[in-house]
Amino acid sequence: MPHGGKRGASPEALALLDEAACGLLQTSDDGTFLRVNRTFCQWVGRAADELVGRQRFQDLLTAGGRIFHQTHWSPLLHMQGTVSEVKLEIVHSDGTRVPMVVNAILRGSEGQIVHEIAAYVARDRDKYERELLLARKEASRLHTEAKDRALFAEQMIGIVSHDLRNPVTAIVLATELLGLDELSPAQDVAATGILRAAKRANRLIGDLLDFTQARVGEGLSCVPEACDLHEVASEALEELRLSYPGRALPHVHTGDGRCSADARRLVQLVGNLVSNAMNHGHPDTPVTVTTNGTRGDALTLAVHNDGAAIPPTLLPRLFEPMTRGTKASNVRSVGLGLFIVREIARAHGGEMAVRSDASAGTTFTLTLPR
């Protein structure tokens, strides 16, 4: 290598090393320059005689680079004999920083330990890494903003839904009071329509409040008390049959139905599952509800309907909010019913499962700890 190159090397070899496409240098074990090629000198803006015997390699590094050289570079080089692809910043004579990727080998030469180093300017790599870091920071910022906006939106849903419940409840009560008086046929039709729409709005508000509580709060509230799953399901179905006149809604029950659960929440769960089955099942076939208490430690509640199978790709996310199984035109929903079903199951320490195929139909099953 020039400027103290290897003895016996030809002038052509020395010139080739001097003009190599990378910086080539040799230092003593303490980092003092012993040899350096012209390429490296040009990159750092210093003449060879300014470096050889006068400065140490680590003297050209930034403050952070010098710390790294002392705490990592030197110990690692002595331990394994090589250091590969280390990115450092060399300080140019004009004060600017030159990013370089450095490889080093520790050798014994003429009775002393030397470090042979190859350095490559890495401006493009440095630019890419900085751009990548900025892009990641920007992505993280956007992700945080999106989460904040989503949380704010969910909180607003809860606030608005809560404020809407009182006037809608007032409409329901006022309409029911009107029904106590004798109305003309036209008035009776109008009052019935108002009452039906207001009750539907009340159910929707309830779903939105439950959604907010599940997503923003600590999960759905649940007050378990001693009850009978068979009786709870039977009472829920009596009311549901009024909502679906002309549709068969049988209830099959076996075993001991006694358990500790929130009966109000179970009625809500049955209502959501039956509504889902009615909307998506075949209209000429029954929706069957089965409660089973033959197991000692748990009970099950299943709702079955015939009809088109749920696509297999949809099954894993069926209980997520805003997910719908089909594009049936008669389905008017914000897509929270099955999400709330899952949250009610979780609030009881239970779980939901679903099976669906064209021949056997679709069955949603709640497993409930007794």
Only one of Thr212, Thr254 is among the polar types (S, T, N, Q) and modelled with pLDDT of 85 or more. Can you tell me which?
Thr254
Collect the residues in region 326-356 that are under 21 Å from Thr285 (Cα atoms) and either in contact with a Cys (Cβ under 7 Å, 6 or more places away or on another chain) or modelled with pLDDT of 90 or more (or both), keeping them in residue-number order.
Val354, Arg355, Ser356
Look at Glu89 and say whether it is assigned to a strand (DSSP E or B), at pLDDT below 90 and either closer than 25 Å to Gly45 by Cβ or not acidic (Asp, Glu) (or both).
no
Identify the single condition in (1) in contact with a Gly (Cβ under 9 Å, 6 or more places away or on another chain); (2) crowded, with 17+ Cβ neighbours inside 10 Å that Pro283 does not satisfy, given that it satisfies every other one.
(2)
For region 339-353, which positions are among the hydrophobic types (A, V, I, L, M, F, W, C) and touching a residue at least 60 places away in the same chain (Cβ under 8 Å)?
Phe339, Ile340, Val341, Ile344, Ala345, Ala347
Is it true that some residue in region 56-68 is in contact (Cβ under 8 Å) with a residue 40 or more places away in the chain and crowded, with 19+ Cβ neighbours inside 10 Å?
yes
It is to be established whether one or more residues within region 278-296 are within 25 Å of Asp228 (Cβ to Cβ), among the charged types (D, E, K, R) and at pLDDT below 90.
yes
Please list, ordered by first then second residue, the pairs with beta carbon atoms under 6 Å, 6 or more apart or interchain, first in region 97-112 and within 16 Å of Trp43 (Cα to Cα) and touching a residue at least 24 places away in the same chain (Cβ under 8 Å), second among the acidic types (Asp, Glu) and surrounded by 14 or more Cβ atoms within 10 Å (Cβ to Cβ).
Arg97/Glu89; Pro99/Glu89; Pro99/Asp126
Which of the residues belonging to region 346-370 are out of contact with any Leu (no Cβ under 9 Å at 6 or more places or on another chain) and assigned to a loop (DSSP other than H, G, I, E, B)?
Ala358, Ser359, Ala360
If you take just the strands (runs of 3 or more DSSP E) that sit entirely in region 214-276, which of them hold at least 1 residues that are crowded, with 17+ Cβ neighbours inside 10 Å and touching a Pro at 6+ places or on another chain (Cβ under 7 Å)?
258-261
Output yes when any residue across region 140-159 is modelled with pLDDT of 80 or more and either hydrophobic (A, V, I, L, M, F, W, C) or farther than 29 Å from Cys41 by Cβ (or both), and no when none is.
yes
Within region 53-68, can you find the residues that are over 39 Å from the mean Cα position of the chain (by Cα), of a type in the set (A, V, I, L, M, F, W, C) and in a helix (DSSP H, G or I)?
Phe57, Leu60, Ala63
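The values are calculated or read from the model by the stated rules, or taken from the named source; none is laboratory data. Computed from a predicted model, the values in this text were never measured in an experiment. Cβ: placed from backbone, ideal geometry, glycine included. Neighbour counts: every protein chain shown.
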